[in-house]
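Following: one structure in structure tokens, then a few remarks.
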Amino acid sequence: MATVMQKIKDIEDEMAKTQKNKATAHHLGLLKAKLAKLRRELLTPTSKGGGGAGEGFDVTKSGDARVGLVGFPSVGKSTLLNKLTGTFSEVASYEFTTLTCIPGVIMYRGAKIQLLDLPGIIEGAKDGKGRGRQVISTARTCNCILIVLDAIKPITHKRLIEKELEGFGIRLNKEPPNLTFRKKEKGGINLTSTVTNTHLDLDTVKAILSEYRIHNADVHLRYDATADDLIDVIEGSRVYTPCIYVVNKIDQITMEELEILDKLPHYCPVSAHLEWNLDGLLEKIWEYLSLTRIYTKPKGMNPDYEDPVILSSKRTTVEDFCERIHKDMVKQYKYALVWGSSAKHKPQRVGKEHELEDEDVVQIIKKV
Ligand SMILES: Nc1nc2c(ncn2[C@@H]2O[C@H](COP(=O)(O)OP(=O)(O)O)[C@@H](O)[C@H]2O)c(=O)[nH]1
Ligand SMILES: [Mg+2]
């Protein structure tokens, strides 16, 4: 029986051979759906074979945010981690030095940022073997991914890593697709759209859905979505992660080459070894994490500007803030006073659902 990896390769080969045009769009859509299903199979741990769940690769998620380093061997991941965190991690000029997942912690602007070296993502993930798969699942939990590239190595490495991450449901610097998909009891497949579609027509949508044995559904597109976008929505379990391309070893390239790199979106050139632009990298990581710092103000006292409560960009209500302080806080909550950019007055009295903004000051008033 063909292995999942072999089946994936066969489909990729067939896709490469298929010309892209209107007549083949539905066939390609079908192949893409098959591919997505096989890739999901690859991620799901099996009882036999190495690398099932619980093999202890994962590290506990501590701190306010998690940042993962991904890249080919010897691009300088360990060096970068060392310089950024001061954590010990073996560095050598030969390949495959990092054998376990090494966490380090950076304290930055009052936030505790966990930095992880995710080794073997390229070597291991390709054949679905243990650590590769575990590294991928850890990568999925990161709030920001740093793809580390070597300035003097081929740029094709970038595409290979992206492809690997995409294959496992990680979407880089992308918003979730703006389309709705709803299964129905009957009525066939119905496709509506608020824009002109250059990628998806009814035949393609039908072909994709048939692969999932869905024959009755409403699909509504609010932008020029692709087959991959639709598959992402049907498959679910995609993570949308900000990503920075860290181009390391810029001490090895010319000024002209550096200027080109500097202009590319999401790029951050550094020299880990010579500690060039590490500040710039930290600032960019901070920007991409888009964390919200909230300062607490106990009644009758000054705000504590030293030790902010850190909220993720997606969960910034007063209720989220209460939960970060103590799990029972919400029960005792009466109202809150807020100073800062989210407040209309100084202070504004708000309810639990109020959305906080970076550097707001909050005082919780409890029920008596
Ligand atoms: N020239 C130069 N060499 C570097 C730089 N960063 C790391 N290296 C070297 O590249 C080699 C591999 O680094 P390492 O951190 O082990 O890479 P990893 O396999 O990605 O963890 C080591 O010999 C490092 O000293 C850099 O900024 N410039
Ligand atoms: Mg290493």
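The values are calculated or read from the model by the stated rules, or taken from the named source; none is laboratory data. The structure displayed is predicted, hence computed values, not measured ones. FYI the Cβ positions are ideal-geometry reconstructions off the backbone, even for glycines, and counts take in every protein chain you see.
Quick notes on this structure:
- Matching residues in segment 71-80 - criterion: being more than 6 Å from ligand 1 (Cβ to nearest atom) and modelled with pLDDT under 90: F72
- Criterion: among the acidic types (D, E) and either part of a helix (DSSP H, G or I) or under 23 Å from K158 (Cβ atoms) (or both) - qualifying residue of E283, E306: E283
- Residues of segment 104-126 classified as at pLDDT 65 or above, more than 9 Å from ligand 2 (Cβ to nearest atom) and either among the basic types (K, R) or closer than 23 Å to G280 by Cβ (or both), total: 14
- Qualifying positions in segment 338-363 - touching a Lys or Arg at 6+ places or on another chain (Cβ under 6 Å) and either in a strand (DSSP E or B) or small (G, A, S) (or both): W339, V361, Q363
- Considering residues of segment 336-348 that are surrounded by fewer than 16 Cβ atoms within 10 Å (Cβ to Cβ) and either touching a residue at least 60 places away in the same chain (Cβ under 8 Å) or closer than 14 Å to K297 by Cβ (or both) only, the residue nearest to the chain's Cα centre (by Cα): Q348
- Any hit, segment 229-251, residues being loosely packed, with under 15 Cβ neighbours inside 10 Å, in contact (Cβ under 8 Å) with a residue 60 or more places away in the chain, more than 26 Å from the chain's Cα centre (by Cα) and not in a loop (DSSP other than H, G, I, E, B): no
- Hey, L261 in a helix (DSSP H, G or I), of a type in the set (A, V, I, L, M) and modelled with pLDDT of 95 or more or not: no
- Residue within segment 147-162 that is under 30 Å from R324 (Cβ atoms), away from ligand 1 (no atom under 13 Å from the Cβ) and at pLDDT 70 or above present: no
- Residue within segment 23-41 that is at pLDDT below 90, within 16 Å of ligand 2 (Cβ to nearest atom) and either surrounded by 16 or more Cβ atoms within 10 Å (Cβ to Cβ) or not in a helix (DSSP H, G or I) (or both) present: no
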